[in-house]
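**Student:** Handing you a structure now.
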Amino acid sequence: MTSEKTDLPALVRFKGLYERGIAESYQGLRHLIKTEGFPPGILLGPSSRAWRIDEVNAWLASRPSEPSRQTKERAAKSINARYVPNSVSEIKAIAAYPIARISLQLSGWR
C-alpha cells in the first residue's frame, strides 16, 4: 500500500465556531449566513452541519479589521444617548448648559 498524502478538508462544527467567538448562538450563526456572507456549511446528517476550515478562514480574512468611521460615530451617539448622570454634581454640571437647563427645569430638576 502506498502512502499518498491527500488533502482532505478539515471541518469544524458549531462548538468550534462558538469557542473561537465567531458565533454566539445558532440564531446568530443563521444571521451571519443570511446577511453577512458566512459559508452555509455542509450537512453531515439530518441535524448536523459542519464548515470547512479554509472557507471559514477565507470569510474571516474578508472581514474588516477595524470598525468604520460611521460605525464609531453611531456607537458614540448611542452611548451618549444612554448616559444618565449619577450624582447631583454631574446634574449641576449639565445644567450649566442653556439647553440642558431648560430640559431639567421641565423635568422638575433645579
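**Student:** Please arrange Ser68, Ser47 by counting, for each residue, the other beta carbons lying within 10 Å of its beta carbon, fewest first. Let's see the in-between values first.
**Tutor:** Details: Ser68 9, Ser47 6.
Fewest-to-most ranking of Ser68, Ser47: Ser47, Ser68.
**Student:** Rounded, prolate or oblate, given the Cα gyration tensor of the stretch 11-62, with a/c below 1.5 counting as rounded? Before the final figure, lay out each step's value.
**Tutor:** Numbers: a/c = 1.34, a/b = 1.20, b/c = 1.11.
Rounded is the answer for the stretch 11-62, as its axis ratio a/c remains below 1.5.
**Student:** Here's another thing I want to ask about it. Take Leu11, Leu17 and order them by how many other Cβ atoms sit within 10 Å, fewest up front.
**Tutor:** Details: Leu11 16, Leu17 20.
Ascending Cβ contact count within 10 Å gives the list Leu11, Leu17.
**Student:** While we're here: Order by neighbour count: Ile22, Ile79, fewest other Cβ atoms within 10 Å first, most last. Please report the intermediate quantities before stating the final value.
**Tutor:** Values: Ile22 18, Ile79 9.
Least crowded to most crowded, the residues run Ile79, Ile22.
Only the coordinates and a few stated rules stand behind these numbers; no lab work does. These numbers were taken from a predicted model, which means no experiment stands behind them. Neighbour counts run over all protein chains shown; Cβ positions are idealised from the backbone, glycine included.
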